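Inspection log for the structure reproduced underneath, given as structure tokens.
The values are calculated or read from the model by the stated rules, or taken from the named source; none is laboratory data. The structure displayed is predicted, hence computed values, not measured ones. Quick reminder, even Gly has a Cβ in these numbers, built from the backbone with ideal geometry, and neighbours come from all protein chains shown.
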Amino acid sequence: MPTIVVDKIVKTFGSMRAVNDVSFEVSPGEIFGLLGPNGAGKTTTIRIILDIFKPDSGKVSVLGGEMTSEKKDRIGYLPEERGLYQDMPLQQCLVYLTNLKGVPPAESDRRVEAYLEKFDLAPHRKKKLKELSKGMQQKAQLIATLAHEPEILIIDEPFSALDPVNTQMVKDLLREERDRGTTIVMCTHQMNQVEELCDRLVLIHRGSSVLYGGLDEIRRKFADQAVLVRAASDLPAQIPGVTGRQNRNGSQLLTLDPQAKPQSVLAYLVNAGVVLEQFEIAMPTLDEIFIKTVTGQELLE
């Protein structure tokens with residue numbers, strides 16, 4: 001059974017329809033991407049899921065039904081804007097927030113201490129939040145989101161202000177949470193992180209869902225008739241079935257005639273004695289799909 005079901009929700013503020021008939025489902029043990037350009041309606045959708053806003057129409061089911069106070073304690077929410085108490089010492093703040101989620105004080109102390117060590121924040125435990133760098137505050141916000149061991153994680157720009165080492169650590173944490181059955185909804189503008197982490201996604205544009213499904217399924221849907229080739233020597237000037245070529249990151253992007261098959265191009269190159277280092281169907285990046293969907297631009301230009 002899906003952990004989250006969003007069914008045809010609509011939300012209007014004055015004359016602006018922020019969310020227009022959006023539907024999707026999120027299953028246990030998956031990382032689900034909630035994507036869209038600025039102002040698309042992502043944050044409003046999240047607030048409806050969390051019962052901060054009520055939809056004008058449509059409905060949301062979380063953990064099998066309507067949102068309750070008890071269910072809110074089973075959700076970890078990382079907003080894009082930091083929401084920690086800036087004048088409180090780091091450890092005291094995190095223990096307090098974990099207590100608010102129903103974790104007993106002694107257990108809160110234990111969990112927060114373990115996370116402070118994991119995130120290399122233990123030496124800063126007595127500093128006030130406002131004395132920490134942006135990256136440290138982001139890590140503290142993540143601890144506040146994770147320490148009560150939620151069944152659902154809703155995270156908005158989780159890698160903001162993190163260096164590569166901490167970014168990788170957070171990726172590993174999210175995979176660990178997914179593997180233990182946690183439902184994760186991730187909002188981010190970093191499409192490479194979505195490609196690396198997400199199982200499925202929905203793309204919201206101007207309040208409406210315009211793409212929804214598995215990442216591989218969506219990439220295949222947008223794939224052009226093209227292959228990526230890299231060889232130890234120059235490719236033949238003329239290749240049957242190839243109508244165009246251009247450089248892409250050290251490889252050749254070969255555009256194929258609509259009737260041509262990649263296998264035929266591969267056979268021709270092998271028979272011509274070309275030593276191939278790479279030959280693969282050219283799949284568009286999520287960045288390219290995002291741009292094409294929200295602007296109407298052609299891929300691979």
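Every residue in segment 10-41 that is in contact with a Cys (Cβ under 9 Å, 6 or more places away or on another chain), small (Gly, Ala, Ser) and at pLDDT 95 or above, please. Selection gives Gly33 alone. When restricted to residues that are more than 30 Å from the chain's Cα centre (by Cα) and surrounded by fewer than 18 Cβ atoms within 10 Å (Cβ to Cβ), segment 209-240 contains 10.
Please specify each residue of segment 164-199 satisfying the condition of being outside any helix (DSSP H, G or I) and of a type in the set (Asp, Glu).
Across segment 164-199, the qualifying residue is only Asp199.
Taking the conditions exactly as written (outside the structural domain of Leu34 (by TED's automatic domain parsing) and either under 27 Å from the mean Cα position of the chain (by Cα) or crowded, with 17+ Cβ neighbours inside 10 Å (or both)), does Pro258 satisfy them or not? Considered against the rule, which asks whether it is outside the structural domain of Leu34 (by TED's automatic domain parsing) and either under 27 Å from the mean Cα position of the chain (by Cα) or crowded, with 17+ Cβ neighbours inside 10 Å (or both), Pro258 comes out as no. Could you please let me know if Thr98 is touching a residue at least 12 places away in the same chain (Cβ under 8 Å), closer than 27 Å to Thr293 by Cβ, outside any loop (DSSP other than H, G, I, E, B) and not aliphatic (A, V, I, L, M)? Taking the combined requirement at face value, the residue does not satisfy it. Count of segment 247-265 residues, restricted to those that are without any contact (Cβ under 8 Å) to a residue 12 or more places away in the chain and assigned to a strand (DSSP E or B), is 1.
Annotation: Pro236 fulfils all but one of (1) in the same structural domain as Phe24 (by TED's automatic domain parsing); (2) in contact (Cβ under 8 Å) with a residue 24 or more places away in the chain; the unmet one is (1). Candidates in segment 266-301 are the residues that are in contact with a strand residue (DSSP E or B) (Cβ under 6 Å, 6 or more places away or on another chain) and part of a helix (DSSP H, G or I); of these, the one that is modelled with the lowest pLDDT is Val294.
Which one is nearest to Asn192 (Cα to Cα) among residues in segment 9-66 that are part of a strand (DSSP E or B) and small (Gly, Ala, Ser)?
By that ranking, first place goes to Gly33.
Screening Gly76, Gly83 for residues that are buried (at least 18 other Cβ atoms within 10 Å of the Cβ) and either outside any loop (DSSP other than H, G, I, E, B) or modelled with pLDDT under 95 (or both) leaves exactly one candidate, Gly76.
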